[in-house]
1. All but one of (1) in contact with a strand residue (DSSP E or B) (Cβ under 8 Å, 6 or more places away or on another chain); (2) over 21 Å from Y315 (Cα atoms); (3) assigned to a helix (DSSP H, G or I) hold for G228, so report the exception by its number.
2. Looking only at the range 250-264, filter to residues that are outside any strand (DSSP E or B) and open to solvent by less than 30 Å² (accessible area, probe 1.4 Å); which one of those is farthest from ligand 2 (Cβ to nearest atom)?
3. For the range 18-47, what are the residues that are within 22 Å of A6 (Cα to Cα), free of Cβ contacts under 8 Å to residues at least 60 places away in the same chain and open to solvent by 60 Å² or more (accessible area, probe 1.4 Å)?
4. In the range 278-337, which residues are aliphatic (A, V, I, L, M) and closer than 24 Å to Q215 by Cα?
5. For the range 81-90, does any single residue satisfy the condition of being outside the structural domain of G297 (by TED's automatic domain parsing), within 14 Å of ligand 2 (Cβ to nearest atom) and assigned to a loop (DSSP other than H, G, I, E, B)?
6. Out of the residues in the range 100-140 meeting the condition of being within 16 Å of T174 (Cα to Cα) and of a type in the set (D, E, K, R), tell me which one is farthest from the chain's Cα centre (by Cα).
7. Considering only residues that are away from ligand 2 (no atom under 13 Å from the Cβ) and loosely packed, with under 15 Cβ neighbours inside 10 Å, which ones fall in the range 279-304?
8. Can you tell me how many residues in the range 184-197 are over 25 Å from F79 (Cβ atoms) and either open to solvent by 100 Å² or more (accessible area, probe 1.4 Å) or assigned to a loop (DSSP other than H, G, I, E, B) (or both)?
Amino acid sequence: MPISLAPHNTLALSQCCDAIVEVDSKQQLISVVSELVSESKPMMILGGGSNVVFTDDFSGTIVKVLTKGIKVVEDEFNFIVSVQAGENWHDFVEYCLENGINGLENLALIPGTVGAAPIQNIGAYGVEIDNFCSQVEYFDYKTSQLITLVADQCQFGYRDSIFKHQLKDKAVITEVEFRLPKLWTPNLEYGPLKHLQGDSVSAQTIFETVCDVRQSKLPDPKVLGNVGSFFKNPIISAKQYLELLTKFSDLVGYAQSDGTIKIAAGWLIDEANLKGFTVGGAAVHTKQALVLVNLGGATGHDICQLAHGVMDKVYDKFNINLEPEPRIIGSQGEVDI
Ligand code: FAD
Ligand code: EPU
């Protein structure tokens, strides 16, 4: 009997899978994954489903990670917090603040689980988790071992890590450790937080401001299905940026430490007049062009076709390739868009 994935993905796509196994302990996660790996049928790990696009029915078993637990120890300078993969990210951020552990407040309200956070090194409002993530533990399918990588081994980058490359489809993240300095420094570099500059700003104020800004900009998946930003912000050379600036004087770009420029993909899509552009039940969000939404009844194929339309039009106008951020899942597992 096929099982609908609609309640398990924030785009509310109604593809099905053969079976869903919900796991609530690390031991169970390891034994379920080991057993499925030894069979030859497709298997997929799922957290909150906030960064996946199901294009077809999935011919296999979904393992939903619901493992819980947060452990805090401290040394002279840091709180060291170990978190089970199935903890909800935002609840974890709130837990830290409630316990006087600051640093993650800029990352409030990002949907999904702690276990998925290292995969694309989640980031927002000037902070990425690699600023505080000290190690990631995963269960290795091939060796059946629990392995711990320190942050330097995780190859963290902008929306990137080793889990999207060498360890793709080879590992389930079981636990993540964060090292949060007791001496807290607010991070107010991102535009909408700059007005908070001053000695007295608290982590709670930053948390509340980030929540307000996010709620005003991004659609609530419970109301309008989406996966947040559908494309990564493209990184181009300073030369290409300067050429584009001669034609598009208000192009939004952020200089990177290596001299390249990160371009606001939302600005490119907006400038290409694509807000409101639809394919079937899928649309470019009218308030934030980087977000593709399910207006109701969209299929994963509608979403991908719409994404292709956006990619083509942006390329034609700016000669820039957009790369999707969410993972596209076909009947056997991840596929290219
Ligand atoms: P899922 O969607 O369940 O899974 C994503 C991928 O990770 C899949 O390939 C899955 O197989 C794999 N996976 C999940 N858990 C594990 C595990 N334990 N081990 C191994 N593989 C695993 N992202 C940002 O970086 N910044 C933002 O500001 C942001 N804002 C968002 C706003 C909205 C409204 C939405 C809907 C999404 C946003 N996102 C943002 C994207 C999303 O929240 C993150 O990518 C999040 O980390 C996904 O977590 P998840 O548990 O939902 O992962
Ligand atoms: N912009 C437009 N038109 C639009 C949308 C944006 O002109 O329709 C312009 C804005 O005016 C602004 C710039 O683009 O000048 C950047 O917009 P915003 O600050 O909203 O951020 P973003 O680049 O769209 C990124 C992340 C978000 C993260 C925010 C805050 C990526 C792909 N997206 O969005 O992450 O929350 O910054 O840090 O890096 C996600 O990954 O899912 C996500 C939501």
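1. Evaluating G228 over (1) in contact with a strand residue (DSSP E or B) (Cβ under 8 Å, 6 or more places away or on another chain); (2) over 21 Å from Y315 (Cα atoms); (3) assigned to a helix (DSSP H, G or I) leaves (3) as the failure.
2. This residue is L251.
3. Correct list: D18, E22, K41.
4. Once the filter is applied, which keeps residues that are aliphatic (A, V, I, L, M) and closer than 24 Å to Q215 by Cα, the range 278-337 yields A282, A283, V284, A289, L290, V291, L292, V293, L295, A298, I303, A307.
5. no
6. The extreme case among them is D140.
7. Within the range 279-304, L295, G296, G297 meet the criteria.
8. Final tally of qualifying residues: 3.
The values are calculated or read from the model by the stated rules, or taken from the named source; none is laboratory data. Just so it is clear, the model here is predicted, and its values are computed rather than measured. Quick reminder, even Gly has a Cβ in these numbers, built from the backbone with ideal geometry, and neighbours come from all protein chains shown. Surface accessibility is based on the protein's heavy atoms, side chains included, excluding ligands, DNA and RNA. Shrake-Rupley method; radii C 1.70, N 1.55, O 1.52, S 1.80 Å.
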